[in-house]
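The values are calculated or read from the model by the stated rules, or taken from the named source; none is laboratory data. On a predicted model such as this, the values are computed, not experimentally measured, just so you know. Positions of Cβ are generated from backbone atoms using ideal geometry, with glycine treated the same way; all protein chains shown enter the neighbour counts. Keep in mind that these areas ignore ligands, DNA and RNA; they rest on the heavy atoms of the full protein, side chains included. Shrake-Rupley method; radii C 1.70, N 1.55, O 1.52, S 1.80 Å.
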Amino acid sequence: FLDFAVVGGSMVMENVHENSDFDVTVGCRGGRIFTVRAFLSIFFLIIGLKRSKNKTSPAASDKFCFNHFVTQKSYCLSNSNHPYWIILYRRLVPIYGDNQKIIEFFKTNSRWSGRSLVLFDKKYYPKRNNPVRLILEFILSGPIGNLAESFFKKIQINSLQETKNKLNPADSRFIINDSELELHLSNKTIESISKRLAQYEE
């Protein structure tokens, strides 16, 4: 049920350091957002490429951080009120998925981001009809999948809500619902980039 993946964060904002990870925005099928997050977390944890919770730790270097999940219903993002988000989403790099879904995602946000064209270069791997994926999606498309989604949602909601309660709303972007999960824990990076933008404007 994973429609696409695009890379953002320090990799596209030219703010890379030795502990940088790969911030990934994921496009999901509607009604399966918690299932996608569960499968991604489990798979990347098994292969040792899931980022640790301590973002500044060397253990986070070159790991994947899935901090934003969207469905077709939430393609139109609410980040357009800050220069950082405009530049970030203008620079997102597609690395996997359905071409048409990716184009639709960028087109939906073109009004505020200023970007509608998408380049699919060598970093991009198109979504193919993998037999294992097709079988799993067929099995999980019906009642069994609904039960799995409810199970994954219950587990994740409890964990995410605990994290959200510990955060300062003014220093984070945390959205939790059935159509979007945005898990940006701190605005420190945004503040740093904003200072750089102000210097450029001067």
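Tabulated values for the structure
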| item | result |
| --- | --- |
| Accessible area of R173 in the full protein assembly, 1.4 Å probe (Å², nearest 10) | 50 |
| For T163, solvent-accessible area (1.4 Å; no DNA, RNA or ligand), Å² | 50 |
| Stretch gain in nm, segment D62-I157, where the contour uses 0.36 nm per residue and the Cα spacing is subtracted | 31.5 nm |
| Net charge contributed by nearby residues that have their C-beta within less than 11 Å of S116 (K/R +1, D/E -1) | +3 |
| Neighbourhood net charge (13 Å Cβ-Cβ; Lys/Arg +1, Asp/Glu -1) for G142 | -1 |
| Order of exposure, largest accessible area first, which applies to S141, S74 with probe 1.4 Å | S141, S74 |
| Where labels lie 7 Å past Cα in the beta-carbon direction, separation of D178 and V132 in nm | 3.1 |
| Links that overshoot a 29 Å alpha carbon limit, given the list K123/K166; K63/K122; K107/K164; K107/K166 | K123/K166; K107/K164; K107/K166 |
| Net length gained if the chain between S141 and K107 were fully extended (0.36 nm per residue, minus Cα distance) | 9.5 nm |
